[in-house]
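Presented below is the structure to which this report refers.
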Amino acid sequence: MKLTVFGPTGRIGQHVLAQAAGHDVTAVARNPAKLSPGVRVITADMSAPDPEVLESAVGGADAVLSCLGPRKRAEHGIVPAATRAIAAAMQATGTRRLVVVSGVGVSTVPTPSRPHPPKREPGTGPVMQYLTIPLVRRMLGQHFVDVALMEDFLRSCDLDWTVLRVPRVVDAPATGRFRTACDHPLRAALRIGRADAAQVLLRLAEQPDTAGKVVTAAY
């Protein structure tokens with residue numbers, strides 16, 4: 001496949017590039033020096049993206065993968081804004097498939113289209129409801145709100161999008177042994193390794209039947 005990867009220097013994005021052998025990959029990064037030699041790179045600052053640059057990055061791609069996230073507090077808000085810019089570039093070039101990384105528990109965050117969400121994610125057990133999700137919300141803060149706003153935008157977006165929700169992401173070797181659930185909560189979704197999250201992301205790029213759906217992955 002011809003893939004365009006946003007956030008290739010991040011915790012999951014690095015593993016996406018490492019596992020994408022056999023694919024024709026273009027990485028979109030603010031600092032190309034952080035990427036390994038030989039990677040095709042388009043330089044773009046997603047805090048102030050140039051529409052023409054983004055169109056050149058996504059044009060002709062079979063799928064666009066977004067692993068975007070803030071590196072510091074000043075970058076809060078970048079995820080929903082950058083996703084809107086990516087979507088506009090895809091629509092301008094006729095590119096349809098978009099897979100993005102989000103987080104377990106964002107369905108409990110109020111958004112413009114869901115101003116009164118459930119206080120606890122439906123279908124999850126007490127450990128998830130009372131420990132994991134509150135802990136993740138406390139740790140991620142505004143970024144948790146950002147990915148909720150990103151999902152809110154995608155629900156109204158005319159693209160073949162898929163959201164990958166992950167719980168706490170840990171530094172662990174790839175195992176290939178993870179559980180997934182499509183459009184319903186995954187019980188005891190406590191953690192997943194970065195490498196395995198990248199593997200799920202790449203698999204979803206090749207699964208058009210998940211378009212318009214939310215997939216959760218965890219051990």
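Report note on the peptides 169-182, 88-101: ranked by the mean count of other C-beta atoms within 10 Å, highest first, their order is 88-101, 169-182.
Couplings 3J(HN,Hα) for region 167-178, derived from phi with the Karplus relation 6.51 cos²θ - 1.76 cosθ + 1.60 (θ = phi - 60°), are x, 4, 9, 10, 8, 8, x, 5, 10, x, 10, 9 Hz, where x marks Gly and Pro.
Within the accessible area of the chain, the carbon and sulfur atoms contribute 52%, probe 1.4 Å, all protein chains present. Once the Cα-Cα distance is subtracted from the 0.36 nm per residue extended length, the residue 36 to residue 11 segment shows a gain of 7.5 nm. Accessible area of residue 113 (1.4 Å probe, protein heavy atoms only, ligands and nucleic acids ignored): about 70 Å². Note on exposure: 213, 34 ranked by accessible area (1.4 Å probe, complete protein assembly) read 34, 213, with the most exposed listed first.
What is the set of long-range amide H partners of residue 42 at a cut-off below 5 Å, with H atoms built 1.01 Å from backbone N? It is 27, 28, 29, by chain and number. At full extension, residue 179 and residue 209 could sit 9.0 nm farther apart than now, given 0.36 nm per residue minus the alpha carbon distance. Packing around the peptides 200-211, 142-153, taken as the average count of other Cβ atoms within 10 Å per residue, puts them in this order, highest first: 142-153, 200-211.
For residue 170 and residue 2, compute 0.36 nm times the residue count separating them, minus their Cα-Cα distance, and round to one decimal in nm.
On the way: separation 168, 0.36 × 168 = 60.48 nm, distance 2.81 nm.
Gain in length upon complete extension: 57.7 nm.
In the chain, helices alone account for a calculated mean residue ellipticity at 222 nm of -9000 deg cm²/dmol, with every DSSP H run of four or more residues adding -39,500 (n - 2.57). First check a/c for the chain, with a ≥ b ≥ c the square roots of the eigenvalues of its C-alpha gyration tensor; if it is under 1.5, answer rounded, and if not, answer prolate when a/b is larger than b/c or oblate otherwise. Prolate, since a/c reaches 1.5 and a/b exceeds b/c.
The values are calculated or read from the model by the stated rules, or taken from the named source; none is laboratory data. Because the structure is a prediction, the values reported are computed rather than measured. Neighbour counts run over all protein chains shown; Cβ positions are idealised from the backbone, glycine included. Quick note on the areas: whole protein, heavy atoms, side chains included, nothing else; ligands and nucleic acids left out. Shrake-Rupley method; radii C 1.70, N 1.55, O 1.52, S 1.80 Å.
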